[in-house]
Amino acid sequence: QQPVQSPQAVILREGEDAVINCSSSKALYSVHWYRQKHGEAPVFLMILLKGGEQKGHDKISASFNEKKQQSSLYLTASQLSYSGTYFCGTEDQAGTALIFGKGTTLSVSS
Amino acid sequence: DAGVTQSPTHLIKTRGQHVTLRCSPISGHKSVSWYQQVLGQGPQFIFQYYEKEERGRGNFPDRFSARQFPNYSSELNVNALLLGDSALYLCASSFRSPGVTQRGEAFFGQGTRLTVV
């Protein structure tokens, strides 16, 4: 079952914050977040395992609520380089294929 | 270390033809997965291979097949190409074996852009 991402698109000015959500109807083992720029391959951002984990990488962090089968990606003080499409990929069991959402397009302008 | 490499980067084929796409995983990664990405959509899972065995298959017709070699590289084959097969084909590698409870980040190659005319 494909996870649902929201919102579909976000427009920001540099320095503003954004939250991207990913929810699934199935119990999840892990959530993976990727960013893809136009014409390029998805780039791995972070992985969260079940257990209510929260991670951070520079000014990008994420949380995983296992009970709600939801993950959120937090982008703070956005930079121009954050522009792109963000995908969440979910696993229902360890080592199974990633099922991706439709993506959230983030546009950051100066 | 080199990342995931795919070849060719671009390909134009005619309807009804056959195509073979290739992928070399990151050194030490034994798991390879194939995805199809059409414009405006997220990657859609096609196959997963681990230790030369198919471990998962997505909802794709039998025209799609794949295999993994002893060096863990992989090929994706598509027969009787249709216009709708035009897409970016992505390969991802991971070090984790299926069923093992551990982190399993998947890293993507740059993809093969297939155009069917």
Kirkwood hydrodynamic radius over Cα pairs of segment B:1-41, then Stokes diffusion coefficient at 10 °C and 1.306 mPa s, in µm²/s: 126
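For peptide A:41-47, how many partner chain Cβ atoms fall within 10 Å of a residue's Cβ, on average?
Per-residue shielding by partner chains comes out at 5.
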Charge dipole magnitude, Cβ of K and R +1, D and E -1 - chain A, Cα centre, debye nearest 20: 160
Set of aspartates and glutamates near A:K50 by C-alpha distance (under 20 Å), chain-local residues within fewer than 8 positions excluded: A:E66, A:E91, A:D92, B:E105
Segment A:64-110 - Rg over Rh from alpha carbon coordinates, Kirkwood radius: 1.06
For chain A, share of DSSP beta bridges that run antiparallel, in % to the nearest 5: 90
Shielding of B:35-46 by partner chains, average beta-carbon count, 10 Å: 5
Angstrom value of the Kirkwood radius, inverse mean 1/r, which spans all Cα pairs in chain B: 14.2
Residue among A:G39, A:V19, A:S83 farthest towards the positive dipole end of chain A, charges placed on Cβ: A:V19
Fraction of beta bridges assigned by DSSP in chain B that are antiparallel (%, nearest 5): 90
Check: chain B dipole with +1 on Lys, Arg Cβ and -1 on Asp, Glu Cβ, in debye: 100
Alpha-carbon centroids, segment A:12-46 and segment B:51-113: separation in whole Å: 21
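Here, each number is a calculation from the coordinates, and none is a lab measurement. Here the structure is a predicted model, which is why all the values come from computation and not from measurement. Cβ: placed from backbone, ideal geometry, glycine included. Neighbour counts: every protein chain shown.
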